[in-house]
1. Residues being within 11 Å of residue 118 (Cα to Cα) and either in contact with a Lys or Arg (Cβ under 7 Å, 6 or more places away or on another chain) or not in a helix (DSSP H, G or I) (or both): count how many of those fall in the stretch 177-193.
2. With the requirement that a residue be open to solvent by 60 Å² or more (accessible area, probe 1.4 Å) and in a helix (DSSP H, G or I), what does the stretch 163-176 give you?
3. Find the residue count for the stretch 1-13, including only residues that are part of a helix (DSSP H, G or I), open to solvent by 60 Å² or more (accessible area, probe 1.4 Å) and aliphatic (A, V, I, L, M).
4. Which one is least open to solvent (accessible area, probe 1.4 Å), of the residues in the stretch 14-32 that are over 14 Å from residue 154 (Cβ atoms) and assigned to a loop (DSSP other than H, G, I, E, B)?
5. Which condition from (1) at pLDDT 90 or above; (2) surrounded by fewer than 15 Cβ atoms within 10 Å (Cβ to Cβ) is the one that residue 181 breaks?
6. Applying the selection to the stretch 106-154, what residues are part of a loop (DSSP other than H, G, I, E, B) and surrounded by fewer than 11 Cβ atoms within 10 Å (Cβ to Cβ)?
7. Only residues in the stretch 44-66 that are outside any helix (DSSP H, G or I) count as the first member; pair them with residues that are among the polar types (S, T, N, Q), Cβ under 9 angstrom, at least 6 apart or cross-chain, and list the lot.
8. Could you grab me the full set of residues in the stretch 121-137 that are free of Cβ contacts under 8 Å to residues at least 40 places away in the same chain, of a type outside the set (Gly, Ala, Ser) and more than 13 Å from residue 151 (Cβ to Cβ)?
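The values are calculated or read from the model by the stated rules, or taken from the named source; none is laboratory data. This one's a predicted model, so the numbers in the text were calculated from it and none came from an experiment. Note that each Cβ is placed from the backbone with ideal geometry, even for glycine, and that neighbours are counted across all protein chains shown. With ligands, DNA and RNA removed, areas are computed over all heavy atoms of the protein, side chains included. Shrake-Rupley method; radii C 1.70, N 1.55, O 1.52, S 1.80 Å.
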Amino acid sequence: MPDWLWRLLLAAVIVQIPFEVRLKLLGLSNLQWTFAALALACIPLLIRNRDALIRDRLVQAAAVFVTIQWMVALMAPEFHANAMKGAVRFTAGLLLLAIVRASASEKLISKTWVIASAAAALYGLAEYAGFGLPRLFRMEEFYIGQVQRLSGSFEYPNTAAAYFTMSLPIVWWSSFRPYLRVAAVFLLWCATVLTFSKGALLAVPIVLVFSLRRQWKETVALLAAGV
């Protein structure tokens, strides 16, 4: 399987994370079909790197977490179908993590995520202003009193807020030019505020603190290496 194919599919999955439409083909959405194609295309890659993946601590921890999710789903006393769907989603996340770790495509993922998240924030703001196609992504709108909450291309405002919040440090520490990063962060922040998600607003400073801590460690390591 040529490398360009799975790289293209990986980029397509990242782009479609904030743009998963409600309409489905044979029970699967556009994102799910693309992810299935990515999984098939990456089988040779995963096989070649299986030893490194087995030794990878992050993959090991994720595998234990997913195993626990499956055990909980199988023993769930009620809402069994929903529990199984949740376990399947966690398994897909583990597979995506393995693909990322095996492919060493952090730069591709970062750049694609920045573009996709900025586009999602821009669309969300445009839709909030009345320019959009909300029925592609959900069946209803959500309000706090008489004030509409921004959902953008997501099915629920809290889902949109979680994605925008997670994207803030990724965009800010990306390799794009400063004015592009500032513009994208401004869009993401505006979209996050308009979701009226209290959890997201509380999560922003926490995410930024951990991001700054990581960036500080990397800076100190580079200075130490230079000395």
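1. Summing the residues that are within 11 Å of residue 118 (Cα to Cα) and either in contact with a Lys or Arg (Cβ under 7 Å, 6 or more places away or on another chain) or not in a helix (DSSP H, G or I) (or both) in the stretch 177-193 gives 0.
2. Residues satisfying the conditions are 166, 172.
3. Filtering the stretch 1-13 for residues part of a helix (DSSP H, G or I) gives 3-13.
Still in the running and open to solvent by 60 Å² or more (accessible area, probe 1.4 Å): 3-4, 7-8.
Next, only the ones that are aliphatic (A, V, I, L, M) stay: 8.
Adding up the residues that qualify gives 1.
4. So, considering only residues that are over 14 Å from residue 154 (Cβ atoms) and assigned to a loop (DSSP other than H, G, I, E, B), the one least open to solvent (accessible area, probe 1.4 Å) is 27.
5. The failed condition is (2).
6. The initial filter retains those residues of the stretch 106-154 that are part of a loop (DSSP other than H, G, I, E, B), namely 129-133, 137-142, 145-146, 149-154.
129, 130, 131, 133, 139, 140, 145, 146, listed by residue number.
7. 49/103
8. 131
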